[in-house]
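Down below is the structure, laid out as structure tokens.
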Amino acid sequence: MTMSVASASEDLRAQFARDGFLILRNVFSQSAARELADMLNALYENFDRHAEGRFARDVGMRNGLADMRRQPEIDRAVRLCPDLLTCEAYVATRDVCSAILGRPARYVFDHAILKMPGSDTPTAWHQDQGYMGDGIVIDSLNCWLPLQPVSAANGTLCYVPGSHLRGYQRHFRSDALNPHVMTTVVDESEAICVEAGPGDLSLHHPLTLHGAGANVSDRERLAWSVHFSGFGRFDYLRPRNILPTLKRRFVGLEG
């Protein structure tokens, strides 16, 4: 679908409400995609230093051990590179979300994911809500920006259409996955996988089941995820969220 969000926003809202995700084409330019990739790659050049703090981890590592880097992730990349908040790709993505939300979209969260070539690490099936439990409810649009052509061969994103209508699913940690990773049970026969490229945008509901395969290609697969809502990070301070947010932050409880 070629972008014309302002005029098609009602149709997009209806499609999003039905499927729990959207794939939009040519949201930003190829030069904007290269600019974004350059910013993220610069962060990955210092990945080990970021991993010493709370900003980064390699979710391909099992129990903290690995003989190679598999899937390094950087949380809240905007804290490490504030220029991300003014780059063309971010502004275009925010504007799309504003049109779909029907109000100005504000930043909630972001992270970069680099799938290394020849890695055996998938992105486990989950709902983004699974990382907050069912107590914190953020009415967000969760965006995924691939920065090279993506397909099943290099670990593109896959969705279960309509799964957001089933509500929150119980999530758990598995000994087969990195301790940080939450997952849930999915019938993979229901899933469809995205084929997209630089400049395209995938966005989904926090309750939409999604995952990604391993990158079995011979090239890195870089993507950026950024979440927007009408209230931004102030969503955590809305009355329904205050108590579970405090529990999560200071007591370490989920849900």
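Worth a mention:
- Normalised by residue number, the volume inside the convex hull of the Cα atoms of the chain is 126 Å³ per residue.
- Since only Asn178, Gly102, Thr208 are under comparison, the one whose Cα sits farthest along the positive direction of the charge dipole of the chain, derived from C-beta charges on Lys, Arg, Asp and Glu, is Gly102.
- Mean sequence separation of contacting Cα pairs (under 8 Å, at least six apart), scaled by the length of the chain, corresponds to a relative contact order of 29 percent.
- Summarising the label geometry, the points placed 7 Å from Cα in the beta-carbon direction at Asn41 and Asp11 lie 3.6 nm from one another.
- Between the residues Leu141, Ser29, Tyr159, the greatest Cα displacement towards the positive end of the dipole of the chain, with unit charges on the Cβ of Lys, Arg, Asp and Glu, is found for Leu141.
- At a Cβ-Cβ separation cutoff of 4.7 angstrom, cysteine residues of the chain with no neighbouring cysteine are Cys81, Cys87, Cys97, Cys143.
- Distance from the stretch 166-188 to the stretch 197-215 (C-alpha centre basis), Å: 16
- For the stretch 47-191, diffusion coefficient by Stokes-Einstein and Kirkwood Rh (Cα), 37 °C, 0.692 mPa s, µm²/s: 192
- Accessible surface of Met116 - all protein chains present, 1.4 Å probe, nearest 10 Å²: 40
- The GNM of the chain, with springs linking C-alpha atoms under 10 angstrom apart, assigns the highest mean-square fluctuation among Gly135, Gly60, Gly199 to Gly135.
- For the pair Leu165 and Arg18, the difference between a 0.36 nm per residue extended length and the Cα-Cα distance amounts to 52.1 nm.
- Cα centroid separation, the stretch 67-96 to the stretch 6-48: 11 Å.
- Note on Ser29/Asp175: beta-carbon distance plugged into 1/(1 + (r/R0)^6) with R0 of 41 Å gives a FRET efficiency of 0.40.
- Considering only Leu114, Trp125, Val78, and ranking their Cα positions along the charge dipole of the stretch 73-142 that arises from unit charges at the beta-carbon of Lys, Arg, Asp and Glu, the one farthest toward the positive end is Val78.
- Mean separation of Cα pairs under 8 Å and 6 or more residues apart, divided by the residue count, gives the stretch 153-203 a relative contact order of 45 percent.
- Each residue of the stretch 203-212 was assigned a 3J(HN,Hα) from its phi angle through the Karplus curve 6.51 cos²θ - 1.76 cosθ + 1.60 (θ = phi - 60°); the sequence is 9, 8, 6, x, 9, 6, 5, 8, x, 8 Hz, with glycine and proline shown as x.
- If the Kirkwood radius is taken over C-alpha pairs of the stretch 96-181, then at 10 °C and 1.306 mPa s the Stokes-Einstein diffusion coefficient equals 102 µm²/s.
- The radius of gyration of the Cα set in the stretch 200-255, together with its Dmax, comes out at 16.3, 48 angstrom.
The values are calculated or read from the model by the stated rules, or taken from the named source; none is laboratory data. Given the structure is predicted, the values throughout are model-derived calculations rather than measurements. Note that we place each Cβ from the backbone using ideal geometry, even for glycine, and neighbour counts take in every protein chain shown. The area values use the complete protein model at the heavy-atom level, side chains included, leaving out ligands, DNA and RNA. Shrake-Rupley method; radii C 1.70, N 1.55, O 1.52, S 1.80 Å.
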